[in-house]
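The values are calculated or read from the model by the stated rules, or taken from the named source; none is laboratory data. Note that this is a predicted model, so its numbers are computed, not measured. Every residue, glycine as well, gets a Cβ built from its backbone with ideal geometry; the counts of neighbours run over all protein chains shown. Ligands, DNA and RNA are stripped out before the accessible areas are found, and what is left, the full protein with its side chains, is counted by its heavy atoms. Shrake-Rupley method; radii C 1.70, N 1.55, O 1.52, S 1.80 Å.
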Amino acid sequence: MKTPEEWMRDFEAKIADAQAKAAAVQEGLARAGGSASSNDGAITVTVAPNGALTGLELTADAMRKSHGQLSGEILEIARKAQRGAAVKVAETFGAVEGEGSETYRMITEYLPPPEEEEQPKAPGYAFNEEYEERAATSAPPPARRPAPRPNTDEDEDFGDGSIFKKY
């Protein structure tokens, strides 16, 4: 059985260790933001440790790109910067808690996939000129008309069912 003095020393050591870990996490998170640039250096995106956009720099070359190309590149570069910040956050917790800890596992579980993996492109918005380009190069889907429904209404005075039609 521990004496009160031993118990107090152990308790104080645990508090000092927790304070040191908290300071290390705070310091690591302060440096954990991310930044990424396009290959040509025309676009630079900066993010906070939580992935929030904190900066966007566009050169004159970037502004010469089409709206769709520019917005797509900004999103791609932002994803790279966010992944970089997330990796730094994970490294901070790995260094403090150990890479086998539950905290580290939880954080790395939600890391965005590496940049090398091709991400499926989600449907997005297009500006007028891009929309017109897409419409000119893709054939419109064939128009579908609903098949006539059989009349199940016994009251012949009111026609063939609902006044609302699907087109």
Test Gly28 against the criterion of being open to solvent by less than 50 Å² (accessible area, probe 1.4 Å), assigned to a loop (DSSP other than H, G, I, E, B) and not hydrophobic (A, V, I, L, M, F, W, C), and give yes or no. no
How many residues are free of Cβ contacts under 8 Å to residues at least 24 places away in the same chain, over 28 Å from the mean Cα position of the chain (by Cα), surrounded by 11 or more Cβ atoms within 10 Å (Cβ to Cβ) and within 30 Å of Pro112 (Cα to Cα) if we restrict to region 1-22? 1
Hey, can you tell me all the residues within region 31-48 that are touching a residue at least 12 places away in the same chain (Cβ under 8 Å), outside any strand (DSSP E or B) and open to solvent by 50 Å² or more (accessible area, probe 1.4 Å)? Arg31, Asp40
Might you let me know whether region 49-57 holds any residue that is among the hydroxyl-bearing types (Ser, Thr, Tyr) and in a loop (DSSP other than H, G, I, E, B)? no
Counting only residues that are closer than 28 Å to Thr108 by Cβ and polar (S, T, N, Q), how many does region 41-90 have? 5
